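Data block below; observations after.
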Amino acid sequence: MIIVIDGLNRQRYTRLLDEMFELRARVFGQRLGWDVVIRDGREIDQYDALDPAYVIGVNDENRVVSCVRALQTTGPHMLSDVFSSILDGQPPLRSATLWESTRFCVDTEVLDRGNSRNSVSYATCELMAASLKYAQQSGITDIVTVIDPVMNRVLKRSDCAPYGYVGKTTPMGKVSAMAALLDCSDERIERIRRFAGIEGDLFVDQLRELALSDDGKVETEVAQANNSTTLQPTEKQNMQAMLQEYCRDQVADAATMEELDAAKRLTRNLLDAGLISASRA
Amino acid sequence: MSVIDLSKIPVPEQNLRSYLDTVCETYELDFAAYAGIDPIQQTIHGFVNYPEDWQAHYVKQGFQHKDPALLMASRSIAPVDWQRLRKESMFEKILLAGQEFGIPEQGLTIPVRGPYGDVGLFSVTRNCTDHDWKLLKASILGDLQHAAVHLHDHVMKTNILTRRLTHPSLSIREIEILQWVAAGKSQQDVADILSISNRTVEVHLRSCRMKLGALTTAQAVGRAIGLSMIHPV
């Protein structure tokens, strides 16, 4: 599943972001050998300070398995500076409805080869489809994405071939980099979904969002315990009871008005989702 | 920083307030507002078409310094639907105050980032149900993104220093495409001539228009000729 982290909610997801920066260090620093700065095992550059949006894929154990970073092309972005060699020193495209995507990667150590939900291929397609969807929902029509030739081949194989390129393929570390153009159209998203067999929602729901946040550890354990096997009726009731108890505790333990509001909102959301019942909440 | 109301500056060709009215009319919106932060000039530019009494109340309360629609949206790259801000108690307070002045609760703010750390925030509102809002949003968001950047670039260029810094800089490919368009070739013709896809031509033309501050391709061609970037054919 996919979660979007941006400048508005990033303070709640420091664990996920750290894992993402570690994944980027392994991929871009070690595997691809790009000239990136790694500190404490994390690859973080100046663009991460500009409040970009991160589209992040997580597996069933709530671990980061894929990620990509998006910036507007109207302001500072990588092709206008760090990656200008790809454009041969030419000024980059600038459009209100064009975003730049960089640092697209998946965790090849955790994921396997095949085409199950736990494969490199599925994770790549899920991340690609979700990042196009997120852009589309923001009124964006096209994405210029900086990728390596391997990722370019993966895109072509996944029925998601770029419709064009800007600049030229440029040597960078052990592999080269190139800038490809993708449209954020329903047709493209549908083709990727069909190729990988992705059904249902791409993005996590509110409950999972909470579980993935820094203060969601309690629920993570509850969710993991329940996810390990198919939910039996009694287990379902147990989960409902635990969630209801959790909501009651959150309301009772709220120290500030904000916390109380947040607790009430969570209860409301869970009620709306039918995960707890009104009588006992 | 001081607040400058551009709509009260008597420059006829820059009637930005009427631009907001046009946007509202075109896209079935109730109100529109723009706030731009220029780090070079150290100023905040603002103009809105909200009712006068709400504007007065907003400034009197100093809402511009604490409005989450401005402070938080500037940290997003995507438009921020106000539904996402409702958990902020300050936003709730401003929304409640606004209701007394007939300001709708459905709204969104589009953040624009410019090349020099300049930030623009373009907000629109509409009184309608959640369902209608969702539908309207999906159909007009792309156009609103263009309007937001156009507006922002325009406002930033009212500052002479910024205007000097932002001399439009087109790539060889962009100039090449614009030159073929000036020679009367269609988008598909240009794609065939340059052996690139139609959509690649389109993306480059969109970029040309944005860089030249033009709303149409014809206007972009005119401006490019005026700036001696392409030859008149």
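The values are calculated or read from the model by the stated rules, or taken from the named source; none is laboratory data. Quick caveat, the model's predicted, so the values are computed rather than measured. Quick reminder, even Gly has a Cβ in these numbers, built from the backbone with ideal geometry, and neighbours come from all protein chains shown.
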inquiry  = Take residue A:130 and tell me if it is within 14 Å of chain B (Cβ to nearest Cβ) and farther than 22 Å from residue B:207 by Cβ.
reply    = yes
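Matching residues to (1) within 20 Å of the chain's Cα centre (by Cα); (2) within 13 Å of another protein chain (Cβ to nearest Cβ); (3) charged (D, E, K, R):
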site	(1), (2), (3)
A:140	yes, yes, no
A:149	no, no, no
A:156	no, no, yes
A:160	yes, no, no
A:163	no, yes, no
A:167	no, yes, no
A:170	no, no, no
A:191	yes, no, yes
request  = Considering each residue of region B:123-138, count those that are within 14 Å of chain A (Cβ to nearest Cβ) and in a strand (DSSP E or B), and give that number.
outcome  = 1
request  = Taking only region B:167-224 into account, find how many residues are more than 30 Å from residue B:22 (Cα to Cα) and of a type outside the set (D, E, K, R).
outcome  = 18
key: Residue in region A:107-121 that is assigned by TED's automatic domain parsing to the domain that holds residue A:37 and buried (at least 23 other Cβ atoms within 10 Å of the Cβ) present   = no
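Anything in region B:200-233 that is in a helix (DSSP H, G or I) and either among the small types (Gly, Ala, Ser) or exposed (fewer than 13 other Cβ atoms within 10 Å of the Cβ) (or both)? List them, or say none. Steps first, please.
In the first step, residues of region B:200-233 are kept if they are in a helix (DSSP H, G or I); the result is B:200-211, B:217-226.
Answer for region B:200-233, where residues must be in a helix (DSSP H, G or I) and either among the small types (Gly, Ala, Ser) or exposed (fewer than 13 other Cβ atoms within 10 Å of the Cβ) (or both): B:207, B:218, B:220, B:222, B:224, B:226.
Out of all the residues in region A:261-281, which are aliphatic (A, V, I, L, M), under 27 Å from the mean Cα position of the chain (by Cα) and modelled with pLDDT of 75 or more?
Those that are aliphatic (A, V, I, L, M), under 27 Å from the mean Cα position of the chain (by Cα) and modelled with pLDDT of 75 or more: A:262, A:263, A:266, A:270, A:271.
One line per residue, one yes/no per condition, for (1) part of a loop (DSSP other than H, G, I, E, B); (2) within 11 Å of chain B (Cβ to nearest Cβ); (3) in contact (Cβ under 8 Å) with a residue 12 or more places away in the chain:
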| residue | (1), (2), (3) |
| --- | --- |
| A:19 | no, no, yes |
| A:30 | no, no, no |
| A:34 | yes, no, yes |
| A:69 | no, yes, yes |
| A:74 | yes, yes, yes |
| A:86 | yes, no, yes |
| A:92 | yes, yes, yes |
| A:95 | yes, yes, yes |
ask   = Among the residues of region A:16-43, how many are buried (at least 17 other Cβ atoms within 10 Å of the Cβ) and within 29 Å of residue A:211 (Cβ to Cβ)?
value = 14
message = Quick check on region B:139-156. Is at least one of its residues without any contact (Cβ under 8 Å) to a residue 60 or more places away in the chain, out of contact with any helix residue (DSSP H, G or I) (no Cβ under 7 Å at 6 or more places or on another chain) and more than 14 Å from every other protein chain (Cβ to nearest Cβ)?
response = no
message = Looking only at region B:87-122, how many residues end up being surrounded by 15 or more Cβ atoms within 10 Å (Cβ to Cβ), more than 23 Å from the chain's Cα centre (by Cα) and assigned to a loop (DSSP other than H, G, I, E, B)?
response = 2
Subset of region B:11-40 (residues that are at pLDDT 85 or above, out of contact with any Ser or Thr (no Cβ under 6 Å at 6 or more places or on another chain) and assigned to a strand (DSSP E or B)) = B:32, B:34, B:35, B:36
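Tell me, yes or no, whether region A:97-116 has at least one residue that is assigned to a helix (DSSP H, G or I), under 24 Å from residue A:59 (Cα atoms) and among the small types (Gly, Ala, Ser). Reasoning before the result, please.
Pass one, region A:97-116, residues assigned to a helix (DSSP H, G or I): none.
Checking region A:97-116: not a single residue is assigned to a helix (DSSP H, G or I), under 24 Å from residue A:59 (Cα atoms) and among the small types (Gly, Ala, Ser).
Look at residue B:130 and say whether it is more than 30 Å from residue B:43 (Cα to Cα), of a type in the set (D, E, K, R), touching a helix residue (DSSP H, G or I) at 6+ places or on another chain (Cβ under 9 Å) and assigned by TED's automatic domain parsing to the domain that holds residue B:42. Reasoning before the result, please.
On the way: more than 30 Å from residue B:43 (Cα to Cα): yes; of a type in the set (D, E, K, R): yes; touching a helix residue (DSSP H, G or I) at 6+ places or on another chain (Cβ under 9 Å): yes; assigned by TED's automatic domain parsing to the domain that holds residue B:42: yes.
So residue B:130 passes the test.
Please tell me if residue A:181 is within 21 Å of the chain's Cα centre (by Cα), buried (at least 19 other Cβ atoms within 10 Å of the Cβ), within 14 Å of chain B (Cβ to nearest Cβ) and modelled with pLDDT under 95.
On the way: within 21 Å of the chain's Cα centre (by Cα): yes; buried (at least 19 other Cβ atoms within 10 Å of the Cβ): yes; within 14 Å of chain B (Cβ to nearest Cβ): yes; modelled with pLDDT under 95: no.
No, not satisfied.
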task = With the condition kept exactly as written, say whether any residue in region B:50-65 is more than 22 Å from residue B:17 (Cα to Cα), within 14 Å of another protein chain (Cβ to nearest Cβ) and in a loop (DSSP other than H, G, I, E, B).
result = no
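Give B:143, B:192, B:153 a once-over and let me know the one that is crowded, with 22+ Cβ neighbours inside 10 Å and in a helix (DSSP H, G or I).
On inspection, the qualifying residue turns out to be B:153.
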